[in-house]
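For reference, the structure discussed in these notes is given below.
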């Protein structure tokens, strides 16, 4: 067996669906039927998961550290809100795609700024873009509603068939469907040769360029795609809550997103989904203990995670599942977080 | 004409203040290549210490200022020895996460202890009001800021350029390995510099309560300003950040006065354009290695 087919074989083996993944999605679907009184928070988690997955695409696969990912979320949210408010595109799915495309255009335009320079410049530029958009949204308050936000958005039935109900059931399954479809696409992308080349860039841009990968073009492509995903997440936010306000651009949103991804782990797509669940639960827990000061505990979690070390933490968490698998199936550990630190 | 001069004066005072607040960050971020987003938290600590001393315990304002410096520096050195020093070699992502976490904690902690509303420091009567100089309105408080910050800047430049410690620091930054080979205790130099930078931030925080406003959200609100000063100014000397903060101060005051509707828009656009044009800052060799 020569090297090329060897690489191809192992890449294909990684790309295959595992039983665990199927079980994961079945559990998510089952949650939709098991907790009918919790649709709102579960929809919130799905949205956050999609948003985190979008950051994972650029952070976990391409190694771009962004402090302003909320920019695209916000553009998607306002685009969906404005489309629905002025009745330009009434059908939610079409509006969702349109909002995603709007964020994508912004992502493409700003990607040229982001690929220049080192980590530090990237941090500054992404942060600056999000702040700039927030200032713009505040400035043009006749369009965006300023600090009051967009109000009085009425959503039409999905595909003209299923209306949004007040318990959020339709919203939940709508969000779940969108998340799953986008997940399938992202999964396909990261396991393709394109996705493998992104990992090569993340590990060593210089070496990647030397073996003939067009580094800048790949980074622009994935950044644009991630912007599309974030835009969709923002549009889902507006469509399921029927509001869009200035805080969609807030720095805290970008910072929280980082925490979500760090809790879940980067570079295997499920990190965002798992992180979103844990993050929301932590948030609920902290705000029941200290309603006003939950941010303190969130901060503490971040500090502890970094001090302990992300990889070590994930090893600890996976220790018990791996032990069980070892005992029951008699195999060596199969559950692992394929995380390479940048 | 006089309005322009008054604006210029205010802008210079604002810029000087930003320089004192941010020059500690210029060292950690620019020289030690550590992304410290929690820098504003040290400034806030100094501001609150000064507020408590002056308002609650009746200290004179000028006696409380040095204590603001000392307390922030003490917090800085404690955190540097216990937490920060483990993270120097980590990735930027880890540093960002860690310092964001610290910022969140400081915001919530101050909110818990002192309440979330804006606080004011009682100023002595000699510092209030303004006087006319050839028809230009000069605020007494702002004049004091320019004097204090100007002296500090000159002093810093002297220390960095002329003293033994200054040359050690420059050597440690240029090439840590060669410097430690020559017998310079690099971690000690860094720790001392870090603490000094935090102390300056604390002093700046105490001075800025009157002009920028002091509330628990201070670290988040002004983080971007500090970062702009450092990234735009570069890090080869302290002249770069100094000029950058003057530029930022004058630009911001003028922007708010002449095009109030554009708000902070001008500053952010300027920053992005400058970073695209020169990714390593206007005056810098390299912002990061």
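Here, each number is a calculation from the coordinates, and none is a lab measurement. Owing to the predicted nature of the structure, the values given are computational and were not obtained by experimental measurement. Heads up, the Cβs are rebuilt from the backbone with ideal geometry, glycines too, and the neighbour counts pull from every protein chain shown.
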* Asked: What residue among B:134, B:62, B:120 has the largest mean-square fluctuation in a Gaussian network model of chain B, using Cα springs under 10 Å?
  -> B:134
* To do: Rank these for me by crowding, B:196, A:180, going from fewest to most other beta carbons within 10 Å.
  => A:180, B:196
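Is region A:3-125 best put as rounded, prolate or oblate by its Cα gyration tensor, with a ≥ b ≥ c the root eigenvalues, rounded for a/c under 1.5, and otherwise prolate when a/b is larger than b/c, oblate when not?
Numbers: a/c = 1.97, a/b = 1.05, b/c = 1.87.
Because a/c hits 1.5 or more and a/b fails to exceed b/c, region A:3-125 counts as oblate.
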* If you project the alpha carbons of region B:1-160 onto the principal axes, what extent comes out on each, in Å, largest first? -> 55, 35, 27
* region B:82-229, relative contact order [Cα under 8 Å, separation at least 6], % -> 30
* What residue among A:304, A:65, A:328 has the largest mean-square fluctuation in a Gaussian network model of chain A, using Cα springs under 10 Å? -> A:328
* **Cβ-based exposure ranking for A:314, A:69, A:18, in which fewest neighbours within 10 Å come first** => A:18, A:314, A:69
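Under the definition of partner shielding as Cβ atoms of other protein chains within 10 Å of a residue Cβ, what is the mean value for peptide B:250-261? Could the numbers behind the result be given before it?
Details: counts 0, 0, 0, 0, 0, 0, 0, 0, 0, 0, 0, 2.
So the per-residue partner count for this stretch is 0.
Per DSSP helix of 4 or more residues, -39500 (n - 2.57); summed, then divided by the residues of the protein assembly as shown. What does that give at 222 nm, rounded to the nearest 500?
-23500 deg cm²/dmol, from helical runs alone.
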* Asked: Which shape class, rounded, prolate or oblate, goes with region A:102-191 when its Cα gyration tensor gives a ≥ b ≥ c as root eigenvalues, a/c under 1.5 marks rounded, and past that a/b bigger than b/c marks prolate?
  -> oblate
* Asked: What's the average, rounded to a whole number, of partner chain beta-carbon atoms within 10 Å of each residue's beta-carbon in A:294-301?
  -> 6
* Asked: Using a basic spin-label model with each label point 7 Å from the Cα along Cα→Cβ, how many nm lie between residue B:3 and residue A:34?
  -> 6.7
* Asked: Can you work out the base-10 log of I(q)/I(0) for region A:39-294 at q = 0.09, 0.14 1/Å, using the Debye formula on its C-alpha atoms alone?
  -> -0.38, -0.92
* Structure fact -> Computed Rg/Rh for the protein assembly as shown (Cα atoms; Rh = Kirkwood radius) stands at 0.99
* Asked: Got a sec? How would A:73, B:104, B:61 order by Cβ neighbour count within 10 Å, fewest to most?
  -> B:61, B:104, A:73
* Could you work out which residue, out of B:54, B:266, B:107, moves most in a Gaussian network model of chain B, that is, has the largest mean-square fluctuation with Cα springs under 10 Å? => B:266
* Asked: What is the spin-label model distance, in nm, from residue A:278 to residue A:5 if the labels are put 7 Å beyond Cα along the C-beta direction?
  -> 4.1
* Would you kindly state how much longer the chain becomes between residue A:327 and residue A:252 on full extension, computed as 0.36 nm times their sequence separation minus their alpha carbon distance, in nm to one decimal? => 22.7 nm
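What does the average come to when, for each residue of peptide A:166-175, you count the partner chain Cβ atoms lying within 10 Å of its Cβ? Can you show the working numbers first?
Details: counts 0, 0, 0, 0, 0, 0, 0, 0, 0, 0.
Taking the mean over all residues of the peptide, I get 0.
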